[in-house]
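*Asks:* Could you have a look at this structure, given as structure tokens, before my questions?
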Amino acid sequence: MVHFVGAGPGAPDLITVRGQRLLSEADVVIYAGSLVNPKLLEHVKKECDIYNSARMTLEEVIAVMENAEKAELTTVRLHTGDPSIYGAVREQMDLLDNRGIPYDSCPGVSSFCGAAAALNLEYTLPGISQSVVITRIEGRTPVPDKERIEDFAGHGATMVLFLSTGLLGELSEKLCMGGYKKDTPAAIVYKATWPEEEAYICTVGTLEITAKKHNITKTALIIVGNVVLPDSYDRSKLYHPEFTTEFRRGRKGAEKS
Ligand code: SAH
């Protein structure tokens, strides 16, 4: 059996309870060494075989899983954040399907949640944005034509950009072409939830210069939209005294604040 497990964004205590249990029971662990905190490996069994997938191909990863399965061992494939976001898990699962090897998935805290925590930020502020676009700029890996940054920017919704820190000049340009103003608030969060976490609030127009100033070239997320620095937003209906919900009767004329 192979368990795909989300390691969380960095802090070792941000893996789920289930993920930690699966890790502690694993005979083989294959972890994404470029971003998974090695501290998570301190609690695996003494006899556990550990592989760093940063130096392996897909075929090599699958071969390790296949050998473990033949020996009736349990494998944990440890991915950074949540495996479903830029995790390249589908291709592994398809090859496991071909070989009749069973697997399941344990979610993790994605780095975009870690970045919001670093800024005490709410992505979906009423009256500002009720949607979050998770995307990336095209680099060495292509992005479908229909998913151009300019088109997403046209919605004015909150955007979170993964894997884009090396192309911030181009990113600013595309965001502005789509309709974001240069002075729209933005943020750069480096290594969210790690001890070396850094978070900077800037604007769409100053993304590149801010990253340069702080020597940030990778392992960062870019957040764009007025939710970063809201000047006014609507309070939630759910907690408004006049609003009736399944659990609470609203009172007409109850004090607004
Ligand atoms: N599955 C992961 C994303 C993997 S893609 C998740 O759910 O978070 C790798 C990219 O994620 C990095 O280039 C960076 O943009 C972002 N990233 C991963 N961990 C991060 C962290 N702790 N802080 C900021 N960005 C991070």
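The values are calculated or read from the model by the stated rules, or taken from the named source; none is laboratory data. Note that this is a predicted model, so its numbers are computed, not measured. Because the Cβ atoms are built from the backbone with ideal geometry, glycine has one as well, and the counts that use them run over all protein chains shown. Accessible surface areas use protein heavy atoms only, side chains included; no ligands, DNA or RNA. Shrake-Rupley method; radii C 1.70, N 1.55, O 1.52, S 1.80 Å.
*Asks:* Ignoring ligands, DNA and RNA, what percent of the accessible area of the chain is carbon or sulfur (1.4 Å)?
*Replies:* Accessible surface attributable to carbon and sulfur in the chain totals 50 percent.
*Asks:* Per DSSP helix of 4 or more residues, -39500 (n - 2.57); summed, then divided by the residues of the chain. What does that give at 222 nm, rounded to the nearest 500?
*Replies:* Calculated at 222 nm, the ellipticity per residue is -7000 deg cm²/dmol.
*Asks:* On each of the three principal axes of the Cα atoms of region 169-214, give max minus min coordinate, whole Å, ordered largest first.
*Replies:* Sorted largest first, the three principal extents are 36, 17, 14 Å.
*Asks:* Find the Rg to Rh ratio for the chain, where Rh is the Kirkwood radius over alpha-carbon pairs and Rg uses the same atoms.
*Replies:* On the Cα set of the chain, Rg over Rh gives 1.05.
*Asks:* Between residue 240 and residue 1, what length in nm is gained on full extension when 0.36 nm per residue of separation is reduced by their alpha carbon distance?
*Replies:* Full-extension gain reported as 81.2 nm.
*Asks:* In addition: Rounded if a/c is under 1.5, else prolate if a/b is larger than b/c, else oblate: which is region 108-177, with a ≥ b ≥ c the root eigenvalues of its Cα gyration tensor?
*Replies:* Oblate, because a/c is 1.5 or more while a/b does not exceed b/c.
*Asks:* Calculate how many DSSP beta bridges within the chain are antiparallel, expressed in % of all such bridges and rounded to the nearest 5.
*Replies:* Once the DSSP bridges in the chain are tallied, antiparallel ones form about 40 percent.
*Asks:* What is the calculated FRET efficiency for residue 229 to residue 147, with r their C-beta to C-beta distance and R₀ = 25 Å, to the nearest 0.05?
*Replies:* Working from the Cβ atoms, E equals 0.40.
*Asks:* If you don't mind, another one. For the pair residue 39 and residue 67, how long in nm is the line joining their label points, each one 7 Å along Cα→Cβ?
*Replies:* 3.1 nm
*Asks:* Which whole-number value in Å² is the accessible area per residue of region 146-257, probe 1.4 Å?
*Replies:* Each residue of region 146-257 exposes 62 Å² on average to a 1.4 Å probe.
*Asks:* Ranked highest first by the average count of other Cβ atoms within 10 Å around their residues, in what order do 49-58, 188-197, 147-156 fall?
*Replies:* 188-197, 147-156, 49-58
*Asks:* Give me the accessible area per residue for region 2-109, probe 1.4 Å, as a whole number in Å².
*Replies:* It amounts to 51 Å² per residue over region 2-109.
*Asks:* If I model a spin label as a point 7 Å beyond the Cα along the Cα-Cβ vector, how far apart are those points for residue 176 and residue 196 in nm?
*Replies:* Distance between the two pseudo-spin positions: 3.2 nm.
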